[in-house]
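Here the structure comes first, spelled out in structure tokens, and everything after it is commentary.
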Amino acid sequence: MALLSKKDSKLILDPLTDNNPITIQVLGICSALAITAELNASIVMAISVLFVLGLGNVVISLMRNIIPSKIRIIVQLVVVATLVIIVDQVLKAFAYELSKTLSVFVGLIITNCIIMGRFEAFALGNGPWRSFLDGVGNAAGYGIILVIVGFFRELLGSGTLLGFKVLGDPIEKTGIYAIGYENNGFMLLSPMALIVVGIIIWVQRTRNKALVEDH
Amino acid sequence: MEHIELFFKSIFIDNMVFATFLGMCSYLAVSKKVSTAVGLGAAVIFVLAITVPLNWLLDQYLLQPGALAWLGESYASYDLSFLSFIMFIATIATMVQLVEIVVEKFSPALYNSLGIFLPLIAVNCAILGGSLFMQSREIPTLGLATTYGIGSGIGWFLAILAIAAIREKIRYSNVPPALRGLGITFIITGLMAIGFMSFGGMLTGGDDGGAKEEQTMVQSDFKQQTDLDQNLASAIQENKDTNTEDSQKIANNTKGNE
């Protein structure tokens, strides 16, 4: 990346792996789990958070010197809520079915801890460009986990990816259904999201021993 | 009867943590010790019991399409529902602040036990989620909204209490190093959520006839079920289908044997 200095690119790349908002910082889990039964919804959610966090970080960072620290939480909430309303209205206008699937979870981006966490930890103390990179990085780290979880849940749960029947047709018994494969409907239920994320954490910490917690 | 049904439904069947994953962040972060978990859980019940009915009033008399009709006929055509996010979160943030001040003034003992958790709660997804679900499920009366708020709060309290107790014990177990802490908590929560799914049949009754009656009742209660519920229902339906297929196979097999 010639565009970015080493320090700046670290801002984007760190949250993707070793400082991932979901698996390491434990932020933003609420929405990450509930909407990952389909890859489609996961991707839209990831993009929405990218938009809100990237822009929100810039706005907060621009205002950081004029926000009195006593009322900063409510100022932050107003900024996020405004951005989320934009996302919600755009989704309702251009992807109505999808916004039905996401239901209240678009609104819950407001209380997504990643967003408040990044505002507090980064945007209040750094300039707009770096805050933007930090926001994009963290949202991308969040998005990656969402897409991984969504990929496995949709593939194993309904045998499709983005709605395409990649494993064959379960009713006409084509593809691998011909040799007796069955969809695991359990993957579509909410508890499996937790277990899939648990396994991702397991794999990540097995590969990088430095992240292991001592209870 | 309606109240009791909604109460138990919001505690067990639609449990905030296990069915909709709301408030997971603080659930995972503040569940290392039972005593702190109890403090946060109590604060969540408290705030949900206040904010859900308040937001119900806001929704009913300000935000819904046509809600402004009480101002006069010319206002009846307004639809302010796009403002609901910002109104709800503003109500929650101010209420939390207000509750903090009031509790500090009148009950220092309660303040000492709840105090540090109250600011945390403004950004807890369980609180905003409670209000948003109240809106999307179209809960009909103020009384039911209060019941829903208290029930959801108790459900959340139960969940964090249970996981905190388990985490205190699991410290003495031999967990694989990479799973220690966060990983094992996720998996345990998943297993607990599977356990809570068995409450799903609690209000639908045992035999099929009863189930249908109850279902229509529930549907008239909540005209618009969320799509999450529908996903669940379709998944259960699939399971049922595979079950019947299986039983047919078994029947065929037994026929073959005969």
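The values are calculated or read from the model by the stated rules, or taken from the named source; none is laboratory data. Not measured: the values here are computed from a predicted model. Because the Cβ atoms are built from the backbone with ideal geometry, glycine has one as well, and the counts that use them run over all protein chains shown. For the accessible areas, the whole protein counts, side chains as well, though only heavy atoms, and no ligand, DNA or RNA atoms are used. Shrake-Rupley method; radii C 1.70, N 1.55, O 1.52, S 1.80 Å.
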| query | Can you tell me which residues in the range B:166-196 are in contact (Cβ under 8 Å) with a residue 60 or more places away in the chain, open to solvent by 10 Å² or more (accessible area, probe 1.4 Å) and either of a type in the set (A, V, I, L, M, F, W, C) or at the interface with another protein chain (Cβ under 8 Å from one of its Cβ atoms) (or both)? | reply | B:L182, B:M192, B:F196
| message | Just the residues that are more than 12 Å from B:G129 (Cβ to Cβ) and in a helix (DSSP H, G or I), please, taken from the range A:92-108. | response | A:K92, A:A93, A:F94, A:Y96, A:E97, A:L98, A:S99, A:K100, A:T101, A:L102
| note | Among residues of the range A:32-47 being open to solvent by 10 Å² or more (accessible area, probe 1.4 Å) and more than 10 Å from chain B (Cβ to nearest Cβ), the residue nearest to A:A95 (Cα to Cα) is A:V44
| query | Yes or no: B:I4 at pLDDT below 85, among the β-branched types (V, I, T) and either touching a strand residue (DSSP E or B) at 6+ places or on another chain (Cβ under 7 Å) or surrounded by fewer than 16 Cβ atoms within 10 Å (Cβ to Cβ) (or both)? | reply | no
| Which ones in the range A:163-176 are over 32 Å from the mean Cα position of the chain (by Cα) and on the phi < 0 side of the Ramachandran plot? | A:I171, A:E172, A:T174
| said: Filter the range A:192-215 down to the residues that are open to solvent by 70 Å² or more (accessible area, probe 1.4 Å) and at the interface with another protein chain (Cβ under 10 Å from one of its Cβ atoms) and list them by number. | reply: A:I199, A:W202, A:V203, A:R207, A:K209, A:D214, A:H215
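Which residue, of B:L83, B:L128, B:L132, is within 10 Å of chain A (Cβ to nearest Cβ) and either over 21 Å from the mean Cα position of the chain (by Cα) or surrounded by fewer than 18 Cβ atoms within 10 Å (Cβ to Cβ) (or both)? Before the answer, list the steps.
Values: B:L128 fails: either over 21 Å from the mean Cα position of the chain (by Cα) or surrounded by fewer than 18 Cβ atoms within 10 Å (Cβ to Cβ) (or both); B:L132 fails: either over 21 Å from the mean Cα position of the chain (by Cα) or surrounded by fewer than 18 Cβ atoms within 10 Å (Cβ to Cβ) (or both).
Selected residue: B:L83, the only one of B:L83, B:L128, B:L132 that is within 10 Å of chain A (Cβ to nearest Cβ) and either over 21 Å from the mean Cα position of the chain (by Cα) or surrounded by fewer than 18 Cβ atoms within 10 Å (Cβ to Cβ) (or both).
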| Residues of the range B:14-33 satisfying the condition of being open to solvent by 40 Å² or more (accessible area, probe 1.4 Å) and part of a helix (DSSP H, G or I) | B:A29
| request: Could you tell me which of the residues B:I163, B:I139 is within 18 Å of B:L28 (Cβ to Cβ) and either of a type in the set (A, V, I, L, M) or more than 13 Å from the chain's Cα centre (by Cα) (or both)? | output: B:I163
| task | Could you tell me which numbered condition B:Y75 fails, if it satisfies all but one of (1) touching a helix residue (DSSP H, G or I) at 6+ places or on another chain (Cβ under 8 Å); (2) within 14 Å of chain A (Cβ to nearest Cβ)? | result | (2)
| Of all residues in the range A:163-191, how many are acidic (D, E) and either touching a strand residue (DSSP E or B) at 6+ places or on another chain (Cβ under 6 Å) or more than 10 Å from chain B (Cβ to nearest Cβ) (or both)? | 2
| said: Take the conditions in contact with a helix residue (DSSP H, G or I) (Cβ under 9 Å, 6 or more places away or on another chain), surrounded by fewer than 16 Cβ atoms within 10 Å (Cβ to Cβ) and modelled with pLDDT under 85 and apply them to B:A43. Does it pass? | reply: no
| task | Take the range A:135-162 and flag every residue that is of a type in the set (G, A, S) and at negative phi. | result | A:G135, A:G137, A:A139, A:A140, A:G141, A:G143, A:G150, A:G157, A:S158
| query | Applying the selection to the range B:87-99, what residues are crowded, with 18+ Cβ neighbours inside 10 Å and either away from chain A (no Cβ under 12 Å) or aliphatic (A, V, I, L, M) (or both)? | reply | B:M87, B:I89, B:I92, B:A93, B:M95, B:V96, B:V99
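Identify, from the list B:A29, B:A19, the residue that is without any contact (Cβ under 8 Å) to a residue 24 or more places away in the chain, among the hydrophobic types (A, V, I, L, M, F, W, C) and within 14 Å of another protein chain (Cβ to nearest Cβ). Write out each step before concluding.
Values: B:A19 fails: without any contact (Cβ under 8 Å) to a residue 24 or more places away in the chain.
Checking each option against the conditions leaves just B:A29.
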| note | Per the filter on the range A:76-110, residues of a type in the set (G, A, S) and more than 7 Å from chain B (Cβ to nearest Cβ) are A:A93, A:A95, A:S99
